[in-house]
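The values are calculated or read from the model by the stated rules, or taken from the named source; none is laboratory data. Being a predicted model, the structure only gives us computed values, none of them experimental. A quick note on method: Cβ atoms are made from the backbone with ideal geometry, for glycine too, and the neighbour counts reach across all protein chains shown. For the accessible areas, the whole protein counts, side chains as well, though only heavy atoms, and no ligand, DNA or RNA atoms are used. Shrake-Rupley method; radii C 1.70, N 1.55, O 1.52, S 1.80 Å.
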Amino acid sequence: FQNEINEVPFFDVQLPYELALKIFRYLGKAELGRCAQVSRTWKILAEDEVLWYRLCQEEGYLLDMSISDHSCWKLALKNCRAREHMLKTNWKNRVGAVSQLRYEPGRVLCDVHCYDGMVMAGYSSGEVRLWDTRTWDYTAPVLAAVPGPGGAGAPPHVSFVRINSSLAVAAYEDGTVSVWSLLLGQEPIHHFQHNQHLQALALAPGGTALATASGFQVRVESPDDRGVWQTPGTFEIQKLVNFLNLVPDVTGSPVAVAAAEDIVYLLKTEDPGKILHSVYGQPVTCLDVAAHEAAFGIKTFGWLLNEPNQILLYNLETNQCVTKVGNSIGDFSCVNLHSSPPNMLVAGNKDRRVRVFDVRRGAAVCSLHGHQLGVRAVRMDEWKVVSGGEEGLVCVWDQRMATKLWEMHARHPVRHVWFNSHSLITANIPEEKNPRGSSITEDDPSLHRKYRGAIYCYDFSVDQLAVDSVLPICRSSYAEPAGYSYNIGLAVPYDSI
């Protein structure tokens, strides 16, 4: 019947179907539903697949699909919205499953980094492990390290790990840096050595460039078109680098932002000594970089000159300060700009508060108080904020209501949090890598459990759990009877099924 429609009645005129379809493209979901009740012809027009495919794309659903992949895009949009509502309800009520990414005894967690569900962890034994939490198969392969000279001695501790869509990078205590490709296997594709240990390591979120800071030198590495690694830039800094980030989505040579005590450098190959910000005696306490902006916290003189600690936002194209936000006596210990919604910024402070800022107004939207010690990691999206503190507390907040939804506690400080619509990954990393001056062995599992650190993965997608017959609730063993009595995947000492 639709193929037979050549003219669509529009009040007192008759329009061709294609022209009527163009008019209906300006309508939303509710308007299309009302138009479908006018007549049989308008119903066919209002349920055209082109209209509902466009609405689905505009709302951010199924962006990687073409119009021919679904027979009914109206139903697809309905299912996507129902799933989003279900996930938000599960997040708020803490309904889902929790798993701990386990590893062998005798290893202390040193650093963790996540990207799109991939988790990378480095340990005091020198091992580097990789998990894919997008599946329930949590068997973590060990990324092979480059053998040392002569193979003698224990491997050094892992200092930093970073991962993005294509690469995994680990830096060790002796200044060694290894690079693995996520597509080519467990053998490193690149390896280089610094003369001393690294203070910072940065990896571009979507590219293949990495930057390292060792001593007074910042070094940028990236492969060329043939895959051969080279060093497009080496920069000499006057002071020791505390924080280092690579600017994402940069065409051409990589651009790095480095904070060395009270100076912030913008490191480009054509302009290696560009100083973005410098105020003597006001050290930088945290740093984060987005595509066109950089945000960093500064520690001022405090009550002596009536200058509270602030976060400065700089435009990387004009090299000018856009705005200053914050008015706190405590130091800003973490800031997240790149994964926050547009024009929004979230920061954690040593005064135990999490603050959300609107950079357009230069003011705080809300201030969240619920930690017993300073905040070490923060991340936010359109409606929620997740923060981790020094005391080991992970808090989930409703940003619009400025209220705490729920919290989870573990022994060690939370150094890293990452989440998407359906999962949350937290890392409790201990301060002490050699507890009591002795090595942790398998002979004392209680000591190991106390000092090792932990990585937790929360999954709030109920429909994903229904697909698997073996749930994480059945994956515990008698080795470690850890239990949670809340409604998030109760872990009990049953045999693995």
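Determine the gain in length on full extension of the stretch Leu75-Thr135; use 0.36 nm per residue of separation and subtract their C-alpha separation, reporting nm with one decimal. Numbers along the way, then the final one.
Values: separation 60, 0.36 × 60 = 21.60 nm, distance 2.63 nm.
Full extension from Leu75 to Thr135 adds 19.0 nm.
How large is the convex hull of the C-alpha atoms of segment 17-92 per residue, in Å³? List each step's numbers first, then the result.
On the way: hull volume 7.8 nm³, N = 76.
Convex hull of Cα atoms, per residue: 103 Å³.
What's the carbon and sulfur percent of segment 280-409's accessible surface, probe 1.4 angstrom, rounded to a whole number? Don't skip to the answer; put the middle values down first.
Numbers: 2760 of 5620 Å².
It is 49 percent, rounded to a whole number.
Which of rounded, prolate, oblate describes segment 280-409, given a ≥ b ≥ c as roots of the alpha-carbon gyration tensor eigenvalues and a/c under 1.5 marking rounded, otherwise prolate only if a/b is larger than b/c? Please report the intermediate quantities before stating the final value.
Numbers: a/c = 1.88, a/b = 1.27, b/c = 1.49.
Oblate.
Along the Cα-to-Cβ line of Leu240, 7 Å from the Cα, sits a label point; which residues in segment 199-223 have backbone N less than 14 Å from it?
199-200, 213-217, by backbone N distance to the label point.
Counting only protein heavy atoms and using a 1.4 Å probe, what share of the accessible area of segment 12-104 belongs to carbon plus sulfur, as a whole percent? Could the numbers behind the result be given before it?
Working: 3050 of 5530 Å².
Exposed carbon and sulfur together represent 55 percent of the surface.
For Glu382 and Asn319 in the same chain, what is the full-extension length gain: residue separation times 0.36 nm, less their Cα-Cα distance, in nm? Kindly include the intermediate steps, with their values, before the conclusion.
Values: separation 63, 0.36 × 63 = 22.68 nm, distance 2.82 nm.
Result: 19.9 nm gained on full extension.
Using each residue's phi in segment 414-423, evaluate 6.51 cos²θ - 1.76 cosθ + 1.60 at θ = phi - 60° and report the 3J(HN,Hα) Karplus result to the nearest Hz, with x for Gly and Pro.
After applying 6.51 cos²θ - 1.76 cosθ + 1.60, I find 7, 9, 8, 10, 8, 8, 10, 5, 10, 9 Hz.
For segment 324-433, what is the accessible area per residue in Å², given a 1.4 Å probe and the full set of protein chains? Please list the in-between numbers first.
On the way: 4260 Å² over 110 residues.
On a per-residue basis, segment 324-433 sits at 39 Å².
So if R0 is 30 Å, what FRET efficiency would Ala363 and Ser339 give, r being the distance between their Cβ atoms, rounded to the nearest 0.05? Please list the in-between numbers first.
Working: r = 21 Å, r/R0 = 0.71.
Taking R0 as 30 Å, the efficiency between Ala363 and Ser339 is 0.90.
Can you give the accessible area per residue of segment 17-92, in Å², using a 1.4 Å probe? Mind dumping the intermediate values first?
Details: 4660 Å² over 76 residues.
Per-residue accessible area for segment 17-92 comes out at 61 Å².
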